[in-house]
Amino acid sequence: MIDLSGRVALVTGASRGIGRAIAVRLAAQGATVVAAAREQNAAATVEEITAAGGTAEAASVDVGDAAAIDALVAGTLSRHGRIDILVNNAGIAKDQLMLRMKREDWDAVIATNLTAAFALTQAVLKPMIRQKSGRIVCISSVVGQSGNAGQANYAASKAGLIGFAKAVAQEVASRNITVNVVAPGLIDTDMTKAISAGTSEVWASQIPLGRLGTPQDVAWTVCFLASDEAAYITGQVLAVNGGMYT
């Protein structure tokens, strides 16, 4: 049984979907969770955690704002004294074919999905180095590995997270800090629920395991990487995609 008692976890994009499932799972395994999202949207996540007997607090942050990121990390350290786990999950998509893609949509996706992970990771590394321990997990995507038409900005940001994590993993391994990536495939979230049942069935038929993944599938993988059981794993990409891309 994974035990994260005494650990403090900071999860971005924790208001819904994969981020919410990650926050709930980390708390269920004993971590104190700081659930970060825009405009206190993580309040429902915190309510779910506390109702189940866990410990969590909501934090309002725009991950595109460097000053807000610094304040988030400083506030977490002030209240809890440490940060043991960082999950870089916040992300957006602004899909369009390359010839029609607006520069502002490119910039927005890169800023939210990739640059924010840089800023958050940089901010937590100093306290983690002082602790001589830490777990950083970046949430990428199968699209970052395979590419996908109409998602050049999204694919670039998610592929960038993989290279970023591998580089940082080599820099901080000697300090007992691990940096890994989880690359989900098609996950059953609000976004996939919005598509037609027929399209969803077609997608599922192309996945060797025969179904879309769940946010909990991703959350358990993150929980493992955040645990002592994964102490010898760093710089790796764990695909949670049902076999759709290998």
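The values are calculated or read from the model by the stated rules, or taken from the named source; none is laboratory data. Owing to the predicted nature of the structure, the values given are computational and were not obtained by experimental measurement. Backbone-built Cβ (ideal geometry, glycine too); neighbour counts: all protein chains shown.
Overview of values
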{"quantity": "Residue among Ile22, Ile83, Ile49 that alone is closer than 28 Å to Gln151 by Cα and either of a type in the set (D, E, K, R) or in contact with a helix residue (DSSP H, G or I) (Cβ under 7 Å, 6 or more places away or on another chain) (or both)", "calculated": "Ile22"}
{"quantity": "Residues that are part of a helix (DSSP H, G or I) and modelled with pLDDT under 70, drawn from segment 194-208", "calculated": "Ala197, Gly198, Thr199, Ser200"}
{"quantity": "Which listed residue, of Leu10, Leu4, is touching a residue at least 60 places away in the same chain (Cβ under 8 Å) and over 30 Å from Tyr154 (Cβ atoms)", "calculated": "Leu4"}
{"quantity": "Subset of segment 109-139 [more than 17 Å from Thr234 (Cβ to Cβ) and either basic (Lys, Arg) or touching a Lys or Arg at 6+ places or on another chain (Cβ under 6 Å) (or both)]", "calculated": "Val109, Lys126, Arg130"}
{"quantity": "Pair list, Cβ < 9 Å and 6+ apart or interchain, from segment 217-246 residues that are modelled with pLDDT of 95 or more to residues that are acidic (Asp, Glu)", "calculated": "Ala226/Asp84; Ser227/Asp3; Asp228/Asp3; Val240/Asp217; Gly242/Asp217"}
{"quantity": "Subset of segment 137-160 that is small (Gly, Ala, Ser) and not in a loop (DSSP other than H, G, I, E, B) - its residue that is surrounded by the most Cβ atoms within 10 Å (Cβ to Cβ)", "calculated": "Ser157"}
